[in-house]
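A short write-up of the structure that comes next.
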Amino acid sequence: MEIFGENVILSKITIHDLDFICGMECDRDLWHFEESVESDQQVVRSKYMARINEGGEATAYDFIVRLADDEIWQPIGLAQVWSLLLHS
């Protein structure tokens with residue numbers, strides 16, 4: 001799934017994005033205001049592999065953000081959307 005905007009493209013994460021995601025999630029310099037930051041990239045990789053392989057009703061949606069005019073398709077961020085709908 002891809003969502004094309006005027007300046008950015010959001011692509012659903014794949015296994016090819018895991019190195020970028022793990023590097024970002026484990027970089028303490030990016031998370032100044034967080035109480036804790038995971039330092040083990042394998043833990044982060046396992047978490048996102050589970051999300052990629054999640055079937056049925058997902059509760060979180062993860063997208064890689066790229067600039068629309070970037071010819072090398074370099075990721076610049078991660079966008080996350082959570083479903084907060086409660087089923088009765």
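The values are calculated or read from the model by the stated rules, or taken from the named source; none is laboratory data. A quick note: this is a predicted structure, and the numbers were derived from the prediction, not measured. These area figures cover heavy atoms from the full protein model, side chains too; ligands, DNA and RNA do not enter into them. Shrake-Rupley method; radii C 1.70, N 1.55, O 1.52, S 1.80 Å.
Residues considered: R66, R45, R28. Largest GNM mean-square fluctuation over the chain, using C-alpha springs under 10 Å, is found at R28.
Per residue of the chain, the DSSP helices (runs of n ≥ 4 H) give a summed -39500 (n - 2.57) that works out to -6500 deg cm²/dmol at 222 nm.
Max-minus-min Cα coordinates of the chain on each principal axis give 41, 35, 24 Å, with the largest extent listed first. Per-residue SASA remark: V43, around 70 Å² accessible (1.4 Å probe; ligands, DNA and RNA not included).
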